[in-house]
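*Asks:* There's a structure below that I have some questions on.
The values are calculated or read from the model by the stated rules, or taken from the named source; none is laboratory data. Here the structure is a predicted model, which is why all the values come from computation and not from measurement. Cβ sites come from the backbone with ideal geometry, for glycine too, and all protein chains shown count toward neighbours. With ligands, DNA and RNA removed, areas are computed over all heavy atoms of the protein, side chains included. Shrake-Rupley method; radii C 1.70, N 1.55, O 1.52, S 1.80 Å.
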Amino acid sequence: MPIKFYNTLTKQKDEFQPIRKGEVKLYTCGPTVYDTAHIGNFRTFLFEDLLKRYLILKGYQVTHVMNLTDVDDKTILRCNSDHISIHDLTEKYIKLFFDDLHRLKIIPADFYPKATEHVPEMIDMVKKLIDNGYAYKSEDNSIYFNIKKFEKYGKLANLNFAEQKTTQRIATDDYSKDHPQDFVLWKAWKKEDGKVYWESPWGKGRPGWHIECSAMSNKYLGENFDIHCGGVDNIFPHHENEIAQSECANNKPFVNYWLHSEHLLVDGRKMSKSAGNFYKISDLTDMGFTPEALRYLLLSGHYRTNINFSVDKKHEALKVIQRINDFYKRLLDLSSNCNKTDELPEAYNLFIKALDDDLNTPEALAVFFEWMRNTNAHIDNNILSDKDIIYAINFIDEVNVVFDLLISRGFRIPTKIVDLANQRQTARINKDWIKADSIRDQILKLGWIIEDAPHIGYKLKSVLEK
RNA sequence: GGCGUCGUACCCAAGUGGUCCAAGGGAGCAGUUUGCAAAACUGUCAUUCGCCGGUUCGAAUCCGGCCGACGCCUCCA
């Protein structure tokens, strides 16, 4: 079964056909590293992680590039106000970004090119655009792209520039442009830029924002590649401009499939620092959200809808993660004498069918939950065969390739907790319920949950929810 | 002004013409089980899909109007 993706370029679900059989070249817009990324940014990065994991599950060899924008207006402003070099500032936030990626179990990209390390490539591309007649130099030595020369300009964002009403912001913008909506490829140095500049054939300056993604995707993935992703806010102007630059420089189509994720809302509103609903990953882990809980919450809504995040969802997410992990352990405990195979249960086909349809994660999770409930019931009734146990484990392993909701950190049970549990066991055998209950409370206070088996035996679980 | 998205139970969230008198998760309630719990399971939880009309044999799904939330139109995941 082929995968279908909603392609922003065609505005419909298209069957996915890679350029080279079995291979996918994927470019995802990365962070601007002048500040810490927030939960909204990670909604997009997690969508991209899901996409990549699913392509891997389907057997594709994925080459993934994520850029790091380490020079732009905000970054320069921040350096000047904090009296810190651009390198020191961006390295700090790059490190924090990688920490968060790791924490959320996002599979690392193959390349993380930095804008500042690819200026020559960008200059080359601007040169090509000038040579091909698509770009011009303004009075202040900046280079602009002439949108009138590119017939398809506006196709991705579905904007009609001939009838476009000029907004206040554009009208009061740069006077030296031929057309108000032309965008900058190379920005001439200004006093405020301080030490931040590169030499170019047009004098000192720095690259425009959009050119980095065109130049770097070109370098690492080729002039025409398969998939390009980002948040919906990138559709215009960023991705529209990337298309214009790349196609006019190379005279060939740029990207075949454009996938965009919707924004995340917090408590039904746009996240903002002033509204007090602005969260970084570290804020949420401090509140007790586990990486798996965050993955679940951000992947349980479809990527093209606004998902509504709220700290009130912590209980729901932790509960779900606990259920899945308990179920997995339950199966593993039953599997010791079973012969391994790589076969899968029927429900797996429905799971794949849901994800094939433009990554319908809510549907896929529904299939999984329903199957899990039935399988638990079969275990309760002791009617699950050895073969079924192995199929079930295989299924969860596959689900985990895509969602990664199994807790991989080992919880080592402290000796003290085991001792208490054993004392309680003795009390239970002696039917000393008062003592047994009091030890259970004590264990709970130490951060562990004890679950009894009928008559004798127990399980210990770490308290995930505080 | 232009382009576009969304409104489904207490909360979250699929479904986009009949197999839906509407999946799945969380919360609640009742039960099985348990020394009691927990976990697991079972049952219950929207005669109805923002509102009003229309098309159709048939609509949550298509069309029109209205109400409400939101995005983009050169900062933005």
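*Asks:* Protein chains only, probe 1.4 Å: how do A:Trp189, A:Trp202 rank by accessible area, largest first?
*Replies:* Values: A:Trp189 90, A:Trp202 30 Å².
Largest to smallest exposure gives the sequence A:Trp189, A:Trp202.
*Asks:* If r is the Cβ-Cβ distance from A:Glu343 to A:Leu159 and R0 is 41 Å, what FRET efficiency results, to the nearest 0.05? It would help to have the intermediate numbers written out before the result.
*Replies:* Numbers: r = 51 Å, r/R0 = 1.23.
Plugging the Cβ-Cβ distance into 1/(1 + (r/R0)^6) gives 0.20.
*Asks:* Moving on to the next point. In nanometres, what is the gap between the two model label sites at A:Arg304 and A:Asp326, each 7 Å from Cα along Cα-to-Cβ?
*Replies:* With each label point 7 Å from Cα toward Cβ, the separation is 3.7 nm.
*Asks:* What translational diffusion coefficient, to the nearest whole µm²/s, does chain A have by Stokes-Einstein, given a Kirkwood radius computed over alpha-carbon pairs, a temperature of 10 °C and 1.306 mPa s viscosity?
*Replies:* Details: Rh = 25.3 Å.
In µm²/s, the coefficient is 63.
*Asks:* What FRET efficiency, computed as 1/(1 + (r/R0)^6) with R0 = 30 Å and r the Cβ-Cβ distance, is obtained for A:Asp286 and A:Lys459, rounded to the nearest 0.05?
*Replies:* Numbers: r = 28 Å, r/R0 = 0.94.
Once the sixth-power term is evaluated, E becomes 0.60.
*Asks:* How do the peptides A:37-43, A:438-444 rank, highest first, by the average count of neighbouring beta carbon atoms within 10 Å per residue?
*Replies:* On the way: A:37-43: 21.7, A:438-444: 15.9.
Going from most to least packed, we get A:37-43, A:438-444.
*Asks:* Still on this structure, please answer the following. Within chain A, what percent of beta bridges assigned by DSSP are antiparallel, to the nearest 5? Intermediate results must be reported in sequence, preceding the final value.
*Replies:* Working: 22 of 44 bridges.
Counting only bridges with both partners in chain A, antiparallel ones make up about 50 percent.
*Asks:* If you line up the long axis of helix A:386-403 against the longest principal axis of chain A, both from Cα atoms, how many degrees apart are they, to the nearest 10?
*Replies:* The angle comes out near 30 degrees.
*Asks:* Further question on the same structure: Could you compute the FRET efficiency for A:Glu151 and A:Asp73, with r as their C-beta to C-beta distance and R0 at 41 Å, rounded to 0.05?
*Replies:* Working: r = 30 Å, r/R0 = 0.74.
For A:Glu151 and A:Asp73, the calculated efficiency is 0.85.
*Asks:* Only bridges with both residues in segment A:4-261 count here: give the DSSP antiparallel percent, nearest 5.
*Replies:* Numbers: 14 of 32 bridges.
Counting DSSP beta bridges with both partners in segment A:4-261, the antiparallel share is about 45 percent.
*Asks:* Keeping all protein chains in position, work out how much accessible area A:Tyr328 exposes to a 1.4 Å probe, and write it in Å² to the nearest 10.
*Replies:* Its accessible surface works out to 40 Å², give or take rounding.
*Asks:* If N is the number of residues in segment A:415-462, what value comes out of its Cα radius of gyration divided by 2.2 N^0.38 Å? Walk me through the numbers before you get to the answer.
*Replies:* On the way: Rg = 9.6 Å, N = 48, 2.2 N^0.38 = 9.6 Å.
So the Cα radius of gyration is 1.00 times the expected 2.2 N^0.38 Å.
*Asks:* Working out 0.36 nm times the residue gap between A:Asn400 and A:Asn422, then minus their Cα-Cα distance, what length gain in nm do you get to one decimal?
*Replies:* Details: separation 22, 0.36 × 22 = 7.92 nm, distance 3.37 nm.
Result for the pair: 4.5 nm of gain on full extension.
*Asks:* Students often forget the sequence filter, so: which lysines lie under 23 Å Cα-Cα from A:Lys95 once same-chain residues fewer than 8 apart are removed?
*Replies:* Filter leaves A:Lys52, A:Lys74, A:Lys105, A:Lys114, A:Lys273, A:Lys280.
*Asks:* Which order do the peptides A:280-286, A:13-19, A:208-214 come out in when sorted by mean C-beta neighbours inside 10 angstrom, highest first? Show your work: numbers first, answer last.
*Replies:* Working: A:280-286: 16.3, A:13-19: 14.6, A:208-214: 25.3.
The packing order, highest mean first, is A:208-214, A:280-286, A:13-19.
*Asks:* Let me know the charge dipole size of segment A:4-261 about its Cα centre in debye, to the nearest 20, where only the beta-carbon of Lys, Arg (+1) and Asp, Glu (-1) is charged.
*Replies:* Working: 35 positive and 37 negative charges, 122 e Å.
Once rounded to the nearest 20, the dipole reads 580 debye.
*Asks:* Right, something else. Work out, step by step, the length gained on full extension between A:Lys270 and A:Phe98: first 0.36 nm times the residue separation, then minus their alpha carbon distance; give nm to one decimal. Display every interim value, and only then the final one.
*Replies:* Details: separation 172, 0.36 × 172 = 61.92 nm, distance 2.51 nm.
The span from A:Lys270 to A:Phe98 would gain 59.4 nm if fully extended.
*Asks:* Between A:Asp312 and A:Leu444, what length in nm is gained on full extension when 0.36 nm per residue of separation is reduced by their alpha carbon distance? Could the numbers behind the result be given before it?
*Replies:* Details: separation 132, 0.36 × 132 = 47.52 nm, distance 2.29 nm.
Answer, rounded to one decimal: 45.2 nm.
*Asks:* Rounded to the nearest 10 Å², what accessible area does A:Met125 have for a 1.4 Å probe in the complete protein model?
*Replies:* My reading of the accessible area for A:Met125 is about 10 Å².
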